[in-house]
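The structure under discussion appears below in the form of structure tokens.
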Amino acid sequence: MFVSLQFLKEEKPGSKWKSQFEKTWPYYRNWYTREGSRERAGFLTSSRKLKEYMPEIYPIFEQLSQLAGGGDLASRFLSLYNPPAFMTGCTQVAWTKSVPILVRNYDYNPKLFEGVMLKSNWLQPVIGVLDCNWGLLDGINKKGLALSLTFGGRKSVGEGFGIPLIMRYVLETCNDVESAVEAFSRIPSHMVYNVTILDKKGSFKTVFLGPDRKIGIQNAALCTNHQEMIDWPEYAAQTGTIERESDLLNYLHFENPQNQQLINKFLHPPLYTLQPKNAYATLYTASYLPTEGIANIYWPGKSISQSFSNFAEQKTVTHLGQSVSGKLTL
């Protein structure tokens, strides 16, 4: 099993973003229309909802839609309003015992990974791993706000936006934990997710999102793939969410690690995983340092460091192990 990650920088939406969209659009189009295009919200509804809830990034949406060809289907997809259901694994922690750091493992099917970390300056400088072409799985902005998401372990699907776009919006418009929590509180998420938030002051929160509930705001430094309780036992058993959470909690309590020790912990089981039968693996480990503006990506025996002051375009291909096939479904 191999995972590819490309590091790109482009200040404003342009040719590099367009090239990446053209490469991935056939796959995203198949995913977006898998239940039929009529099952997705129309352009007028999607664009109106985006302008209502995230007006600051609406002009960027218009630019990206034009770069994508200006078509109805691509524009509806880019709005990420009421998209098809999707979910991931993942473990994440905000650790503030020394220099504040957000560490996460991203667990997903490598065949469905977009594989791009982008440094941009749309509304403000942001570095993050792309999903759905302009959304983010995790990232940091130059003001020192860092975010990471996990699937929340419940089957609820409703009216709202795909979480990667909400993540993008928060990093483009917010500067600290307080403003990020406010944004997550008012923007509807179409599925159940957990987001851990850390800022350069060392403040942190984890928010529990879902279309069937008000936001849950937790003074929790870490989370895996459930919220207050296990709602989907089969998924919990398949992903080991309880085991990963317990292992990390015990490690933090008894070891009180330094940052590099914590990162090393994420590169070993049970936090690090290869599960070909279950169609997912740890595709990368990321660490974000808000006070230094640094984003690091790790694999066992390999790492790449990027920052706002020194971001090098490159591409890396990493061998993870056995091939993954199949997929998780709701």
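The values are calculated or read from the model by the stated rules, or taken from the named source; none is laboratory data. This is a predicted model, so every value here is computed, not measured. When we count neighbours, we look across all protein chains shown, and the Cβ atoms used for this are built from the backbone with ideal geometry, even at glycine.
Things to note:
- Residue check for Thr318: of a type in the set (S, T, N, Q) and under 20 Å from Phe113 (Cβ atoms): yes
- Within segment 136-156, tally of residues that are touching a helix residue (DSSP H, G or I) at 6+ places or on another chain (Cβ under 8 Å) and either assigned to a loop (DSSP other than H, G, I, E, B) or farther than 15 Å from Ser79 by Cα (or both): 9
- Residue within segment 216-233 that is touching a residue at least 12 places away in the same chain (Cβ under 8 Å), among the hydrophobic types (A, V, I, L, M, F, W, C), closer than 23 Å to Gly115 by Cβ and touching a Leu at 6+ places or on another chain (Cβ under 6 Å) present: no
- Among the residues of segment 103-139, the ones that are closer than 26 Å to Gly240 by Cβ and more than 13 Å from the chain's Cα centre (by Cα) come to 4 in all.
For every residue, the table says whether it meets (1) part of a loop (DSSP other than H, G, I, E, B); (2) closer than 15 Å to Gly135 by Cβ; (3) at pLDDT 95 or above; (4) polar (S, T, N, Q).
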| site | (1), (2), (3), (4) |
| --- | --- |
| Gln6 | no, no, yes, yes |
| Lys12 | yes, no, yes, no |
| Thr24 | no, yes, yes, yes |
| Ser47 | no, no, yes, yes |
| Glu52 | no, no, yes, no |
| Pro59 | no, no, yes, no |
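- Matching helices (runs of 4 or more DSSP H) fully within segment 227-304 where at least 1 residues are over 21 Å from the mean Cα position of the chain (by Cα) and on the phi > 0 side of the Ramachandran plot: none
- Counted residues, segment 157-212 - those being in contact (Cβ under 8 Å) with a residue 60 or more places away in the chain, closer than 26 Å to Leu78 by Cβ and part of a loop (DSSP other than H, G, I, E, B): 8
- Within segment 182-221, the set of residues being farther than 17 Å from Gly160 by Cβ, out of contact with any Gly (no Cβ under 6 Å at 6 or more places or on another chain) and surrounded by fewer than 22 Cβ atoms within 10 Å (Cβ to Cβ) comprises Lys201, Gly202, Ser203, Lys205, Ile217, Gln218, Asn219, Ala220, Ala221.
- Residues considered: Gly42, Gly14, Gly36. Of these, the only one that is more than 17 Å from the chain's Cα centre (by Cα), on the phi > 0 side of the Ramachandran plot and surrounded by fewer than 16 Cβ atoms within 10 Å (Cβ to Cβ) is Gly36.
- Complete set of residues in segment 56-88 that are touching a strand residue (DSSP E or B) at 6+ places or on another chain (Cβ under 7 Å) and closer than 18 Å to Glu172 by Cα: Leu80
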